[in-house]
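Novice: Please see the structure below; I have some questions.
The values are calculated or read from the model by the stated rules, or taken from the named source; none is laboratory data. Keep in mind that what you see is a predicted model, and the values were worked out from it rather than measured. We place every Cβ from the backbone using ideal geometry, glycine too, and count neighbours over all the protein chains shown.
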């Protein structure tokens, strides 16, 4: 392996080990790098959501996932497999987008020199900068070793991976196979042939150890308030279906809220909603109400209008922002002078929903 510069065969590599929403946001970097280098970008990541989320997206090449970066290397087959893959692809321009060192040992073991790496920690957020703006800015920075991307991408690459600089924000595309899967699943579940809106009440913090009301859970909004919002939607949209989203553990939480709302036309699908089906469903929903969550970012990335309730997370940094330009209403609240989702009222949520520019079916 030459130390003079990246190998000709190695494609750009993005290293990002984050939550669902983090991986949606980093598509802005992937798209820009793909457009700049005129080809696909490989991704080293973690989490069971990353591969099904990114696989087949414009500008994305190989996606390799490790379950844990903290497991000792000699015990982790995933890390060993990732290192073998890194060695086989050759050292090339690499963008590390994690806030810690956990993934760096794999790069070192694979022989990726430091001068080939652009580390986001060396280029911290600017005042008032959104996460996708940071990634877009990082895409303009080349490794110290020197990389000469194509002067202009090929027409095929430009069409398949449009730069997020055009409109800003993250972007996800829904494939024909995802649409076909959604159509089949919709019929099997016997869901109505009617326009629908989506609701996402849970998140991984909500379901942590089943203690939803603990003080450290900053993304909990009471079930009674969600039930009141559902009744308002039914009153305003009597012919629409209401689809409750989530993962398997959130199914029971959804059922509790459905029982409290005591209205017809609500469908809880949290028991059977893998990531590709979720993004396809969001691409078809007329609108979404959600807590700050991965599905919130996915909705914006596929152009679904949404109302999003924030707790303590920075809205400047993490406001859902999609390149498609869908309407996004962000709500925040305060309790005892501190940012707190519990400070958001039912009236604020329904007012934001009524003002939201919903899709037209």
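Novice: Can you pull out the residues in region 28-45 that are touching a residue at least 40 places away in the same chain (Cβ under 8 Å) and in a strand (DSSP E or B)?
Specialist: Listed by number, the residues that qualify are 42, 44.
Novice: Only one residue in 320, 238 is in a loop (DSSP other than H, G, I, E, B) and buried (at least 22 other Cβ atoms within 10 Å of the Cβ). Which one? Give the steps one after another, and end with the answer.
Specialist: On the way: 238 fails: buried (at least 22 other Cβ atoms within 10 Å of the Cβ).
Result: 320 is the single residue among 320, 238 that is in a loop (DSSP other than H, G, I, E, B) and buried (at least 22 other Cβ atoms within 10 Å of the Cβ).
Novice: Please state which one of 180, 198, 176 is modelled with pLDDT of 95 or more and under 30 Å from residue 342 (Cα atoms).
Specialist: None of the other options fit; the residue is 198.
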